[in-house]
1. Do we have any residue at all in the stretch 243-252 that's crowded, with 16+ Cβ neighbours inside 10 Å, in contact (Cβ under 8 Å) with a residue 60 or more places away in the chain and either within 18 Å of residue 319 (Cα to Cα) or not assigned by TED's automatic domain parsing to the domain that holds residue 68 (or both)?
2. Which is in contact with a strand residue (DSSP E or B) (Cβ under 9 Å, 6 or more places away or on another chain), within 19 Å of residue 323 (Cβ to Cβ) and not assigned by TED's automatic domain parsing to the domain that holds residue 45, of 238, 172?
3. Checking the condition β-branched (Val, Ile, Thr) and within 22 Å of residue 243 (Cα to Cα), which residue from 366, 346 passes?
4. Which condition breaks for residue 332 when tested against (1) part of a helix (DSSP H, G or I); (2) more than 21 Å from residue 196 (Cβ to Cβ)?
5. Could you check the stretch 208-236 and list, in sequence order, the residues that are charged (D, E, K, R) and part of a strand (DSSP E or B)?
6. In the list 345, 352, 360, which residue meets the criterion of being farther than 22 Å from residue 211 by Cα, surrounded by fewer than 22 Cβ atoms within 10 Å (Cβ to Cβ), at pLDDT below 95 and assigned by TED's automatic domain parsing to the domain that holds residue 260?
7. Assess whether residue 174 counts as being free of Cβ contacts under 8 Å to residues at least 40 places away in the same chain, among the basic types (Lys, Arg) and closer than 16 Å to residue 63 by Cα.
8. Would you be able to say whether some residue in the stretch 62-77 is assigned to a loop (DSSP other than H, G, I, E, B), surrounded by fewer than 22 Cβ atoms within 10 Å (Cβ to Cβ) and not polar (S, T, N, Q)?
Amino acid sequence: MKKKWTMLAATTVVAALITGCGNTAEETKEDTAEKQTTAEEKVIQDQLGRDVTVPGKVERIAVGGILPYFSTWYVATNSTKEVVGLHPNAYNAAENSILADMSPDILKADTSFIKNGEVNVEELMKINPQLYFENSQNQKSIDKLEDAGVSVVALSAIDVAVAEPLATFNSWLKVTSDITGTTERTDMFLEKGKKVQAELDEKLDGIKEKDKPRALILYQHSDKSIMVGGKNFFSNQWLNATGAYDVTAEEVTGTKEVNMEQIYKWNPDIIYITNFSTTQPENLTNNVFEGQDWSQVKAVQAGNVYKIPLGIYRWFPPSGDAPLMLEWMAQKNHPELFDYDMKKEITDYYSEFYDYDVTEEQVENILHPSSDAAKQ
């Protein structure tokens, strides 16, 4: 593997100082001070609609409950050296991803500021982040951090108003571009995502609902619990975008724990397993879970059980590999319509978007991720 270049040109996020020909020597000290402040800081709007003051040059960020965000930062900036703090769950995914090879600075991030799932302000202060990125629904953490003087950027975990899977990631890229001033890779990603979805839509157009494969996404799974995703969640968005019928859509909103009787009732043709679970396809096909007889399920009988890949981050939530996820899942749902060579797609994509040459082994690891990525 080989990194062709290390960073995009240094970004400039300093607000322009308009001096013009109207300036005179009578300019006051107050005016000058105001301009200096403007040059060093700016105000952006986060996804709670709040005005957040951010530094002109961001060099230290921490990522809390909005787990995938660090990969968004990488997509926008081609760097992770600014990520000084990371939620342990996100760190585990990063450690077991190709991003650890592409941008090893991510492995320097501290995780000690998250204790029992909650942010510990004292520990966070030790790494001194300029900005903290948090799930917009975690108001408790946001309030706690702001009371401590930490600048918090709130991000929405999912854009339920737009029923397509790239919407959330696109919105995060927009916020990141507002903060960093980087737009080149953001624009490339947005264009690629639109192109892939348009290709899928064209080929899927006219397929009747009854002809779509009935699919289920296991969000979290173990011998003790079966958690599925439904409407207003990435599960439903991915399945809809790639030509599958979401068997949970009429009964599940968000995520829900279900039993095997419900699985038998849905009886999906295809089962996808996310990287938030250590379960592998062979665990279902070999029926290894006591008290869960998966042999009765159509997807298991046909061998249509797939582990969702993991590239620079898990492909199930928002990530820079989202166009690849669309291609991969569309091909699983409709192999008669889509003949992507996913190894080539991944190789070309990583070269084009990340300027990184992946090895055959790395491609295999992306397509067949280890269970370690889900361990906490």
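1. yes
2. Of 238, 172, the one residue that is in contact with a strand residue (DSSP E or B) (Cβ under 9 Å, 6 or more places away or on another chain), within 19 Å of residue 323 (Cβ to Cβ) and not assigned by TED's automatic domain parsing to the domain that holds residue 45 is 238.
3. Sole residue among the options that is β-branched (Val, Ile, Thr) and within 22 Å of residue 243 (Cα to Cα): 346.
4. Failed condition: (2).
5. 214, 231
6. Sole residue among the options that is farther than 22 Å from residue 211 by Cα, surrounded by fewer than 22 Cβ atoms within 10 Å (Cβ to Cβ), at pLDDT below 95 and assigned by TED's automatic domain parsing to the domain that holds residue 260: 352.
7. Here the answer is no, as residue 174 does not meet what is asked.
8. no
The values are calculated or read from the model by the stated rules, or taken from the named source; none is laboratory data. Given the structure is predicted, the values throughout are model-derived calculations rather than measurements. In this analysis, Cβ positions are derived from the backbone assuming ideal geometry, glycine residues included, and neighbour counts consider all displayed protein chains.
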